[in-house]
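Beneath this line is the structure, given in structure tokens, with notes to follow.
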Amino acid sequence: RRSGQYTMNHDHSKKIPDGALFDRSGSQDSLDELSMDDYWKELENIHETRGNNHEERVALVVKEPDEGELEEEWLKEAGLSNLFGESSGDSLESMVFLSTLTRTQKAAVEKRVETVTQTMRKKNKQHQIPDVRDIFRLQNDSKGKVCDGSEPSTVTRSENKDDTYDGTKGPKFSLGTDEQKSFLEDMPSSDTDINLEISFAEQAANLKDSSVGKMYKGGGGDTLLPNFRLPKDKTGTTKIGDLAPQDMKKVYSLALIELTALYDILGTEFKQQKAVKIKTKDSGLFGVPLSLLLEQDQKRVPGTKIPLIFQKLIAQIEETTLETEGLLRIPGVATRVKGLCQELEAKFYEGTFNWESVKQHDAASLLKLFIRELPQPLLTVEYLKAFQDVQNLPTRKQQLQALNLLVILLPEANRDTLKVLLEFLQRVIDHRDKNKMTLKNVAMVMAPNLFTFHGFGSKTIEQSEFVMAAGTANVMRFMIQYQKLLWTIPKFLVNQVRKQNTESQKKEKKDKAMKKLLKKMAYDREKHEKQEKTPNDTDVPQGVIRVQAPHLSKVSMAIQLTEELKAGDIVARFLSQKSGNVQTLKKEEVFLYEIGGNIGERCLDDDTYMKDLYQLNPNAEWVIKPKQS
């Protein structure tokens, strides 16, 4: 077998502790010992460079949280801190938020509120401590439901039966609750289709309840990784970066609750780690926090989202050729790499560094060094453990779903840098016939650089490395193989955001209506009625939308909706109307946006069927514009 042959001549005198032969069970049976070899070899190289490089490094301390502290932190992260503490009265916004949750998401919130409540009672804090059931009851009452004293879960079950706005005609959002159970079972979706319409945790709960639950577990080499795909969504696929910041914030809170609910259902503990602040370098290239590095880079190149040194190292490796055998696996010369590192620190920003002299394997070693030297891991202290724990989830599909939510939870700088790294790794793999670096080999070599983090007190990492090795390499393979799927925002989360926005608007409308009513009394009624008729001066006929394009020569057009009309067709129609005086924008530079109604702003993919989307958000405005960087 090709992938193993070239490692045979290398020195295998590894310092592997006794009993470290890894257990070939579960997801690990997909990785034979030969390819694990690359992992240990990489680890050895890492220890060597660490040995002669950074004795002075301060280990990052991970704080052991007190009882209830994690849950309190979790509720804050999920935007629900006003369910407890001094501000627990002011939770109208939280009520709107809670009303849009699925059954499993609610259960996850209940569980954490319960723990915080008990801890507060123990500590006897003088706060108003809500009973967790009251929170969900209150919220059902506020929707005009009768509170019958039954268990919260049964209340919440019935509560989601009508997911329309208010019983009037309007878009219906499916959030993956009870009424979809039978729908889920009847769906002819194949094992490789990723269903983004129904909450992942709900899918897991339904699988658990049915006999279908005995799904295949891990296993298999490169060729055997399932060819997962996203069935086409007529209302368009939403990618990370397509939504406005205020909606993305809501997606973040929902993704955190959803991931927790998924881990709860699958019996895996989800704990966010907390790092104690340590003193880090405040300038330079290696060992500088990502956010700080970007700050200093943005002064030089405004709008840059990936550290310049990171971009340059990748470009340097690619410049030679990606066909070099053993690329990323064969290390550079340690002393030379150390020298380059110091020279880069001194000359990179001045532009006086001589890149010509850098050998390809040295550049690859510098790239990996950069990732390892980040004061906090690229996958973050908070979520590194959750990324590792993905390997413990029962099915491959669930592992993929968890990774999808974890990518959404990463801070923007980490996520953008990870994306560029994964895309580069895929390009290396595309040349595997020449460079002999298959998906498996690349995952083996990169896993120790992303997952064995110097901060987590080296003792524990050393011992658990051998247990973790194959598992993290598998997670690494997943991230490379399915990177396109991982940057998608599941539709059920976008629908929950739409529902939240609609509920908030309804509450605002009520308040406004009240104020208006008081004003109205002072007005002459007839006059007021006349005014009422004026706002719709540009009445658009049924089935027609008005599209604005302020950046193009044709700035506005009424478009008749048909079953087959897609977003890309509308953009093309505008671009074909050229006139001499406006700068010409290319097709790939402008996009159709859905703005307002039940979403802040969403960039549409070209294959979005407009009639379907219009039915989902009839009050939106439609604008063609360049994508914000």
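The values are calculated or read from the model by the stated rules, or taken from the named source; none is laboratory data. All figures in this text were calculated on a predicted structure; none of them were measured in a lab. Because the Cβ atoms are built from the backbone with ideal geometry, glycine has one as well, and the counts that use them run over all protein chains shown. Areas reflect the complete protein model, heavy atoms only, side chains present, ligands, DNA and RNA absent. Shrake-Rupley method; radii C 1.70, N 1.55, O 1.52, S 1.80 Å.
Counting only heavy atoms of the protein chains, get the accessible area per residue of region 540-628 (1.4 Å probe) and round it to a whole Å² value.
Values: 4410 Å² over 89 residues.
With the other protein chains kept in place, region 540-628 gives 50 Å² per residue.
In whole Å, what are the extents of region 290-492 along the principal axes defined by its C-alpha atoms, from largest to smallest?
That works out to 51, 38, 37 Å along the principal axes.
How large, in percent, is the carbon and sulfur part of the accessible surface of region 235-366 at a probe radius of 1.4 Å?
Working: 3220 of 6050 Å².
Answer for region 235-366: carbon and sulfur cover 53 percent of the accessible area.
With a probe of 1.4 Å, find how much accessible area region 290-492 has per residue, and write the answer as a whole number in Å².
On the way: 6860 Å² over 203 residues.
With all protein chains present, region 290-492 gives 34 Å² per residue.
For region 309-396, I need the span (max minus min coordinate) of the C-alpha atoms along each principal axis, in Å, sorted largest to smallest.
Projected onto its principal axes, the Cα set of region 309-396 covers 50, 30, 22 Å.
Using heavy-atom solvent-accessible surface (probe 1.4 Å) with all chains present, what is the largest-first order of K512, K123? Write out the running numbers ahead of the final one.
Working: K512 140, K123 120 Å².
Descending accessible area places them as K512, K123.
Which order do the peptides 434-447, 478-491 come out in when sorted by mean C-beta neighbours inside 10 angstrom, highest first?
Details: 434-447: 24.4, 478-491: 21.0.
The most tightly packed comes first, giving 434-447, 478-491.
Could you go through region 249-265 in sequence order and give the Karplus-derived ³J(HN,Hα) for each residue, using 6.51 cos²θ - 1.76 cosθ + 1.60 with θ = phi - 60°, rounded to whole Hz, and x for Gly and Pro?
5, 5, 4, 4, 4, 5, 5, 5, 5, 5, 4, 4, 4, 4, 5, 4, 5
Which of the pairs K368/K434; K491/K627; K440/K491 have their Cα atoms more than 24 Å apart in this structure? Please list the in-between numbers first.
Numbers: K368/K434 22 Å; K491/K627 21 Å; K440/K491 31 Å.
Table pairs above 24 Å Cα-Cα are K440/K491.
Checking the table K234/K397; K250/K385; K106/K250; K232/K566 against a 19 Å threshold on Cα-Cα, which pairs fail?
Details: K234/K397 22 Å; K250/K385 23 Å; K106/K250 16 Å; K232/K566 13 Å.
Where the Cα-Cα span goes over 19 Å, the pairs concerned are K234/K397; K250/K385.
How long is region 540-628 along each principal axis, judged by its Cα atoms, biggest number first, in Å?
Principal axes ranked by extent give 36, 26, 21 Å for the Cα atoms.
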